[in-house]
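A short write-up of the structure that comes next.
The values are calculated or read from the model by the stated rules, or taken from the named source; none is laboratory data. Computed from a predicted structure; not experimentally measured. Positions of Cβ are generated from backbone atoms using ideal geometry, with glycine treated the same way; all protein chains shown enter the neighbour counts. These accessible areas exclude ligands, DNA and RNA; they are computed on the full protein's heavy atoms, side chains included. Shrake-Rupley method; radii C 1.70, N 1.55, O 1.52, S 1.80 Å.
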Amino acid sequence: MDILKVKNYEEMSKTAAEYIIKEVRQYPSIKLGLATGSTPVGTYKHLIEDHKSNGTSYKDVTTFNLDEYIGLSGNHPSSYRYFMNSILFDHLDISKKNTYIPSGVANDMEKECFDYERLLDRRAGIDLQILGIGSNGHIGFNEPGTSFSSKTHLVDLAQSTREANARFFSNLDEVPDQAITMGISTIMKSKEILLLVSGEAKSEATKQLLAGNIAEQFPASILRKHTNVKIIADKAALAEIRVHS
Ligand code: PGA
């Protein structure tokens, strides 16, 4: 794993955006894997600014999001579909039909999982996956203990995840108990992964990721087996690790 140490959240966001923009310009029909949460918001802001000022086009880009809450339709302000539309897609020239997010309200969720996995396989997978990490080591919504061979599946959210995400809801009770997420093997099929980590709250997880055992109890640890992972982490996230910058 390549680790790039940056000063702070802003520098992480700018560096990540520059990397993505370079890839999009070089491969206009790139397939991007996208993440939600607070970590990538700054990166997305830079993508929008660049699109507006330099005209980088997303008209041939396809995106696949990692996950969605069960029970929230795309119109729900706390759904990841709503989040992605309002924070990114609405501000780019991307065609919404090329933006895939698993549905949290499909009638048959088993089929939805199967179809999402098959869609990714049929489209020959993700070229560049943007990833965050939960303080418990989750990637996507793959909570500790998830099988490394998992495909897109339904998960029960860890209480710590529900609490961490309660800030996106009016109160904790409103945070769904379940989600649909790409599995760990699904994520590992991405040709390249860009992992963004910022803040002291992630320093324990970062240490565990870089120096702990590769174990299902810490899902992100599997990334050490991927051959093309770049980590952009800020000083605070790397506080417990010695890295040459
Ligand atoms: P965050 O979430 O970016 O909101 O910290 C990351 C994650 O849970 O994967």
### Task
Exactly one condition in (1) within 16 Å of the ligand (Cβ to nearest atom); (2) of a type in the set (A, V, I, L, M, F, W, C); (3) buried (at least 17 other Cβ atoms within 10 Å of the Cβ) is not met by MET109; state its number.
(1)
### Task
Spot the failing condition for HIS138; the list is (1) out of contact with any helix residue (DSSP H, G or I) (no Cβ under 8 Å at 6 or more places or on another chain); (2) within 11 Å of the ligand (Cβ to nearest atom), and only one is missed.
(1)
### Message
Here's a check for you: in segment 39-59, which residue that is in contact (Cβ under 8 Å) with a residue 60 or more places away in the chain and in a loop (DSSP other than H, G, I, E, B) is most open to solvent (accessible area, probe 1.4 Å)?
### Response
THR39
### Query
Of the residues in segment 106-134, how many are over 14 Å from the mean Cα position of the chain (by Cα) and in a loop (DSSP other than H, G, I, E, B)?
6
### Task
Would you be able to say whether some residue in segment 192-203 is among the basic types (Lys, Arg), within 26 Å of LEU238 (Cα to Cα), outside any strand (DSSP E or B) and in contact (Cβ under 8 Å) with a residue 24 or more places away in the chain?
yes
### Query
Is there a residue being in contact with a Phe, Trp or Tyr (Cβ under 6 Å, 6 or more places away or on another chain), at pLDDT 95 or above, within 16 Å of the ligand (Cβ to nearest atom) and open to solvent by 20 Å² or more (accessible area, probe 1.4 Å) anywhere in segment 79-97?
yes
### Query
Listed residues LYS230, LYS207; which is touching a residue at least 60 places away in the same chain (Cβ under 8 Å), more than 13 Å from the ligand (Cβ to nearest atom) and among the basic types (Lys, Arg)?
LYS230
### Query
If you take the residues in segment 141-182 that are away from the ligand (no atom under 15 Å from the Cβ), hydroxyl-bearing (Ser, Thr, Tyr) and open to solvent by 20 Å² or more (accessible area, probe 1.4 Å), which one is farthest from the chain's Cα centre (by Cα)?
SER170
### Task
Determine whether segment 60-74 contains at least one residue that is open to solvent by 30 Å² or more (accessible area, probe 1.4 Å), in a helix (DSSP H, G or I) and modelled with pLDDT of 95 or more.
no
### Query
Mind checking whether some residue in segment 183-191 is buried (at least 16 other Cβ atoms within 10 Å of the Cβ) and over 18 Å from ASN65 (Cβ atoms)?
no
### Task
Name every residue in segment 75-103 that is without any contact (Cβ under 8 Å) to a residue 12 or more places away in the chain and over 21 Å from SER53 (Cα atoms), in order of residue number.
ASN75, HIS76, PRO77, TYR82, LYS96, LYS97
### Query
Do the conditions hold for ILE21, that is, is it free of Cβ contacts under 8 Å to residues at least 40 places away in the same chain, hydrophobic (A, V, I, L, M, F, W, C), more than 16 Å from the ligand (Cβ to nearest atom) and surrounded by 20 or more Cβ atoms within 10 Å (Cβ to Cβ)?
no
